[in-house]
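The values are calculated or read from the model by the stated rules, or taken from the named source; none is laboratory data. The shown structure was predicted, so the numbers you read here are calculated from the model rather than taken from an experiment. Because the Cβ atoms are built from the backbone with ideal geometry, glycine has one as well, and the counts that use them run over all protein chains shown.
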Amino acid sequence: MDQEKLRTILQIGETIAVEFKRCSNRIENDVYQSVCSFLNRFGGDIYLGVEDDGTVCGVPENAAGDIVKNFIKIISNPNMFTPTIYLSPEIIKYEGKTIIHIHIPVSAEVHSFKKEVYDRVDDADVKVTATAQLAMMYIRKQNRFTEKQIYPYISLEDFRLDLLPRIRKMATNNIEGVHSWESMSDEELLRSAGLYGKDRATGESGYNLAAVMLLGKDDLIMDICPAYETDALVRRVNVDRYDDREIIRTNLIESYDQLMEFGRKHLSDKFFIEGVERKNLRNIITREMIANTLIHREFTSSYTAKFVIEKDRMYTENANRSSGDGIITPDNMEPNPKNPIIASFFRNIGWSDRLGSGVRNIFKYSKYYSGKEPEFIEGDVFRLIVPLNEDYSYDNVKNGDKKTAIKNGDKKTAIKNGDKKISKKTIQNYKKILEFMEEGKEYTIQDFCNLLNLKPSRTKELLKALTQDIEQIGNNKNRKYRLK
């Protein structure tokens, strides 16, 4: 942050969008209350290490890193913060003292800290207790989202309830233990996911647009959003028209599956190992692109969403309720969900991570996949462009002894594992596991122990490193594995 700008902020003092907090070796609860109130109002900035009158007292320099880590841990904990949020505190120096700056964007959702909702009034954080106040807050937020549009005459019969057993399993596999959705009835699950609500402006209750898009039958979706579709195209040889095309007009769950399969069909399969985990770069990048275009689009628009694969790039386009205009980078990004109910549903089943993580993941893994950075372009039409380069191989990039290239059949796999080298035997075992497994079949840990002639503990380590290719089903003694 510019020192002159910070000096001006300190002179002006606390406002509806600025809060100063003393901070020793730990963050007190009132800091998180301020975070909650800023999210619920217009956003703002918190400065740790500053007195109420703007005097800089600083935070202990040797504790600043741990303070930031603990802050991120708290705001990422759903038992403390609901819904969780991704923020990036900045450690800065001012006149020889250490300050921690936390920028909080306005949120599209109503947040609570320790099950209490806070709002920002002038320069104070106020606990919201009155039902009328809370209702007004939801109305203020709701006005920004068409996904919350209520359709009072839709019933359970209009939904693809046959998808719910799979969704329950996915939600449980995404956490440690059993997800609460496992024990709920179909109607209870939909309500728990925020797919049934009340319009506090009209008094109408019913299933909302988010429910329609996530789980609606095709005729229901076409009745409500007749222009909705995703046009998946490959343009490599016939660039004027297309080499392959799929027009997808189904619910978001099956749309995700079909678009992922389209990507697997037409994109190169490049792998590398990060730490001890084998990463499927194609799946990581397409997962983030597809989840982004399905979650954050404006469904009431007539603009056709696209997923296009060309020779030197692939890109998505979708109608957007823009909060700005221009290029988005990890440095200037302010997480702003366009459809928070749908985003939350995707997070529950493991198809999306914390808000903002998708941008960072694509920037990180695009460089491994093609050697170039992606582009995120915010506007009335949101565009996400990822470069492609068939000839690029990350294993050909020299970086001391940290990256080791190996041959794996016709595939080149780049290994990044700090200063460690992964043994040829381990790589052979990875290959044996994947070649042994057949699509749709489920396997026990003993099946792999027999295959590799290894003990269960070592076999589990190998399977854990293949989480991009293999998913777990069930828990403990009943656990099985299958290809994703």
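Before moving on, here are some points about what is shown:
- Hits in the range 364-389 (condition: crowded, with 17+ Cβ neighbours inside 10 Å and β-branched (Val, Ile, Thr)): Val381, Ile385, Val386
- Matching residues in the range 32-70 - criterion: being over 20 Å from Gln11 (Cβ atoms) and in contact with a Leu (Cβ under 8 Å, 6 or more places away or on another chain): Val35, Val59, Ile67
- Counted residues, the range 368-391 - those being hydrophobic (A, V, I, L, M, F, W, C) and over 16 Å from Gly326 (Cβ atoms): 2
- Tallying residues that are closer than 19 Å to Phe159 by Cβ and of a type in the set (Asp, Glu) within the range 189-211 yields 1.
- Yes/no for Leu195 being closer than 19 Å to Ile295 by Cα and either within 25 Å of the chain's Cα centre (by Cα) or acidic (Asp, Glu) (or both): yes
- Restricting attention to the range 434-472, the residues that are surrounded by 18 or more Cβ atoms within 10 Å (Cβ to Cβ) and over 22 Å from Lys169 (Cβ atoms) add up to 3.
- Residue in the range 69-87 that is farther than 22 Å from Asn336 by Cα and either modelled with pLDDT of 90 or more or outside the structural domain of Asp353 (by TED's automatic domain parsing) (or both) present: yes
- Single residue of Gly194, Gly203 found to be under 27 Å from Ala135 (Cα atoms), free of Cβ contacts under 8 Å to residues at least 24 places away in the same chain and small (Gly, Ala, Ser): Gly203
- Test: Glu147 is in contact with a helix residue (DSSP H, G or I) (Cβ under 6 Å, 6 or more places away or on another chain), within 30 Å of Ile16 (Cα to Cα) and at pLDDT 90 or above: yes
- The set of residues in the range 325-346 that are aliphatic (A, V, I, L, M) and over 16 Å from Gly43 (Cβ atoms) comprises Ile327, Ile328, Ile341, Ile342, Ala343.
- Residue match in the range 415-427 (condition: over 29 Å from the mean Cα position of the chain (by Cα) and at pLDDT 85 or above): no
- Any hit, the range 237-246, residues being among the basic types (Lys, Arg), at pLDDT below 95 and farther than 24 Å from Ile154 by Cβ: yes
- Members of the range 232-282 that are in contact with an Asp or Glu (Cβ under 9 Å, 6 or more places away or on another chain), over 30 Å from Met222 (Cβ atoms) and not in a strand (DSSP E or B): Arg236, Val237, Val239, Ser268, Val276, Leu281, Arg282
- Set Glu277, Glu288: member being within 20 Å of the chain's Cα centre (by Cα), crowded, with 21+ Cβ neighbours inside 10 Å and within 30 Å of Ile427 (Cβ to Cβ): Glu288
- Members of the range 467-482 that are closer than 16 Å to Leu434 by Cβ and either modelled with pLDDT under 85 or among the acidic types (Asp, Glu) (or both): Thr467, Gln468, Asp469, Glu471, Gln472
- For the range 436-458, taking the residues that are under 17 Å from Asn478 (Cβ atoms) and among the polar types (S, T, N, Q), the one that is farthest from the chain's Cα centre (by Cα) is identified as Gln446.
- A count restricted to the range 291-333 and to residues that are in a loop (DSSP other than H, G, I, E, B) and not basic (Lys, Arg) stands at 19.
- Residue in the range 200-211 that is surrounded by fewer than 16 Cβ atoms within 10 Å (Cβ to Cβ), over 18 Å from the mean Cα position of the chain (by Cα) and at pLDDT 90 or above present: yes
- Filtered by the rule that a residue be assigned to a helix (DSSP H, G or I) and polar (S, T, N, Q), the range 432-471 gives Gln446, Asn450, Ser457, Thr459.
- Identity of the residue in the range 34-58, surrounded by fewer than 19 Cβ atoms within 10 Å (Cβ to Cβ) and within 33 Å of the chain's Cα centre (by Cα), that ends up modelled with the highest pLDDT: Asp45
The rows are residues; the columns are (1) without any contact (Cβ under 8 Å) to a residue 60 or more places away in the chain; (2) surrounded by 14 or more Cβ atoms within 10 Å (Cβ to Cβ).
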| site | (1), (2) |
| --- | --- |
| Ile224 | no, yes |
| Leu233 | no, yes |
| Val239 | no, no |
| Glu261 | yes, no |
